[in-house]
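The values are calculated or read from the model by the stated rules, or taken from the named source; none is laboratory data. Just so you know, these numbers come straight off a predicted model, no measurement behind them. Because the Cβ atoms are built from the backbone with ideal geometry, glycine has one as well, and the counts that use them run over all protein chains shown. Remember, those area values only see protein heavy atoms, side chains included, never the ligands or the DNA or RNA. Shrake-Rupley method; radii C 1.70, N 1.55, O 1.52, S 1.80 Å.
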Amino acid sequence: AGGIKMENRELELKSWQLRQDIVDIIMAGKGGHIGGDMSVLNTLLVLYQKHLRITPETTNDPNRDRFVLSKGHAMEAYYAVLADCGFLSLEDIKARFSQFGSPYIGHPNNKLNGIEMNSGSLGHGLPVCVGMALAGKMDQRDYRVYTVMGDGELAEGSVWEGAMSASHYKLDN
């Protein structure tokens, strides 16, 4: 079903399957952040299945939508969704997650297909996305930029500076 847009009932069923994948990834790697994963899964699934204009084949297209997981500790959920959409191999993730030398680490790694930026340091996702959105406007491109943030980031000054900049530049993308 990777890449096929799903109806709401299908998404609900898919979310339960992906929750199992998340637990499998965490168990295989002997660690993870299950609470953050479970809290963000439905958001990621809906974004990738219903809103984001990106596929495994278009990750280098300058007109693709951009997504940044600023809430970097929720990586296992992101892996599960990316694998479900065909960007990554779930079996490879399970076999190599959190192993020495593996690209499948506990935070986003932009060396992997479909991941725009490394994240995990609190407060970086929104300001970087503001920059991406501003660049899109300046280049007259119609792509959209999304980020998912954790509640702990909201106290960071860079988040509020990013929000004020988005308002100042009237970014609607």
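Please give the per residue accessible area of the chain, computed with a probe of 1.4 Å over protein heavy atoms only, in Å². Can you show the working numbers first?
On the way: 8910 Å² over 173 residues.
That works out to 52 Å² per residue.
Seen from every direction in turn and averaged, the convex hull around the alpha carbons of the range 7-64 projects onto 5.0 nm². Spin-label pair Lys50-Phe100: with each label point 7 Å from Cα along the Cα-Cβ axis, the two points sit 4.5 nm from one another. Kirkwood radius for the range 55-112, taken over all pairs of different Cα atoms as the inverse mean of 1/r, rounds to 12.1 Å. Computed from the alpha carbon positions, the gyration tensor of the chain leads to an equivalent ellipsoid with semi-axes of 26, 19, 15 Å, biggest first.
Surface calculation, 1.4 Å probe, protein heavy atoms: Val128 sits at approximately 50 Å² accessible. As a fraction of the 1.4 Å probe accessible area of the range 1-98, surface on carbon and sulfur atoms comes out at 53 percent. Taking every C-alpha pair closer than 8 Å and separated by at least 6 residues, the mean separation divided by the residue count of the range 9-111 gives a relative contact order of 32 percent.
Residues within the reach of a label modelled at Leu171 (point 7 angstrom out along Cα to beta-carbon, backbone nitrogen below 18 Å), restricted to the range 102-129, are 116-129. Multiplying the residue separation of Trp16 and Asn42 by 0.36 nm and removing their Cα-Cα distance gives an extension gain of 8.4 nm.
A simple spin-label model places the labels of Glu161 and Gln140 3.2 nm from each other, with each point 7 Å out along Cα-to-Cβ.
The long axis of helix 157-168 is offset from the longest Cα principal axis of the chain by roughly 50 degrees. Put a dot 7 Å past the Cα of Ser121, heading toward its Cβ, do the same for Glu91, and the two dots end up 3.8 nm apart.
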